[in-house]
Amino acid sequence: MPILYLHITCVALSGALFLLRGGWMLTGSPLVDRRGVKLFSYTVDTLLLTAAIALALIVHQYPFVHAWLTVKVVLLAAYIVLGTYALRRGKTLRTRVICLAAALAVYGFIISVAITKTPWGLLAMFA
């Protein structure tokens with residue numbers, strides 16, 4: 001259970017940090033690129049991924065074997081790409097805002113998949 005709680009805590013911290021950095025990006029704050037902020041974010045994300053791998057090994061559920069975990073991994077890749085465009089690579093503010101909103105939507109859907117343990121997440125309620 002401690003690994004599960006670590007994972008959940010890191011999910012919340014990671015999302016909060018991304019939202020905070022997104023807000024800083026929108027206001028043009030130089031804090032978005034501060035080394036300490038990035039380092040803390042990378043540390044949280046590394047702990048998150050490590051806990052996720054440990055949980056998969058403990059419960060014997062693996063991506064590309066179990067559909068809901070496969071969806072989480074694919075969505076995680078999308079979230080990372082969108083996040084980099086939102087915070088760094090987007091050439092215009094409009095692109096960054098769109099990528100920020102899309103990344104936050106993907107983040108929310110990842111959480112819904114995790115909670116429901118179905119590839120459809122909360123959309124399964126409408127099926």
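Using a Gaussian network for the chain with springs between C-alpha atoms less than 10 Å apart, which of these wobbles most: Val81, Val106, Val65?
Maximum fluctuation in the GNM of the chain, among the listed residues, is at Val65.
Test of the criteria: in region 5-100, which chymotrypsin sites (Phe, Trp or Tyr not before Pro) are in a DSSP loop and have at most 11 other Cβ atoms within 10 angstrom of their Cβ?
Passing both the DSSP loop test and the Cβ count: Phe64.
About the Cα centre of the chain, what is the dipole size in debye to 20, counting +1 per Lys and Arg Cβ and -1 per Asp and Glu Cβ, all else neutral?
The calculation lands at about 460 debye.
For Gly83, what charge total do you get from the other residues with a beta carbon under 15 Å from its beta carbon, if Lys and Arg give +1 and Asp and Glu give -1?
+3
Return the Cα extents of region 51-111 along principal axes one, two and three, sorted largest first, each rounded to a whole Å.
43, 16, 16
Find the relative contact order for region 1-55 and round it to a whole percent, using C-alpha pairs within less than 8 Å whose residues are 6+ positions apart.
55
Would you mind telling me the share, in percent, of accessible area of the chain contributed by carbon and sulfur at probe 1.4 angstrom?
75
When Rg is the radius of gyration of the Cα atoms in region 4-65 and Rh is its Kirkwood radius, what does Rg/Rh come to?
In region 4-65, Rg relative to Rh is 1.12.
Looking at region 54-119, which trypsin sites (Lys or Arg not before Pro) are DSSP coil and have at most 14 other C-beta atoms within 10 Å of their C-beta?
Working: sites: Lys72, Arg88, Arg89, Lys91, Arg94, Arg96, Lys117; in loops: Lys91, Lys117.
Those that pass, being in a loop and sparsely packed, are Lys91, Lys117.
With θ set to phi - 60° and the Karplus curve 6.51 cos²θ - 1.76 cosθ + 1.60, what are the ³J(HN,Hα) couplings of region 18-24 in order, to the nearest whole Hz, using x for Gly and Pro?
5, 4, 4, 5, x, x, 5
Can you run phi through the Karplus equation (6.51, -1.76, 1.60; θ = phi - 60°) for region 65-71 and list ³J(HN,Hα) in whole Hz, with x for Gly and Pro?
Going residue by residue, I get 10, 9, 4, 5, 6, 4, 4 Hz, with x marking Gly and Pro.
What do you get for Rg/Rh over the chain if you use C-alpha atoms and the Kirkwood form of Rh? Display every interim value, and only then the final one.
On the way: Rg = 15.3 Å, Rh = 15.4 Å.
On the Cα set of the chain, Rg over Rh gives 1.00.
So, for the chain, what is the accessible surface per residue at a probe of 1.4 Å, expressed in square angstrom?
Numbers: 8080 Å² over 127 residues.
For the chain, the per-residue accessible area is 64 Å².
The values are calculated or read from the model by the stated rules, or taken from the named source; none is laboratory data. From a predicted model like this one, the values you see are computed outputs, not experimental measurements. Using ideal geometry, Cβ is built from the backbone for each residue, glycine included, and neighbour counts are taken over all protein chains shown. Heavy atoms of the whole protein, side chains included, go into the accessibility calculation; ligands, DNA and RNA do not. Shrake-Rupley method; radii C 1.70, N 1.55, O 1.52, S 1.80 Å.
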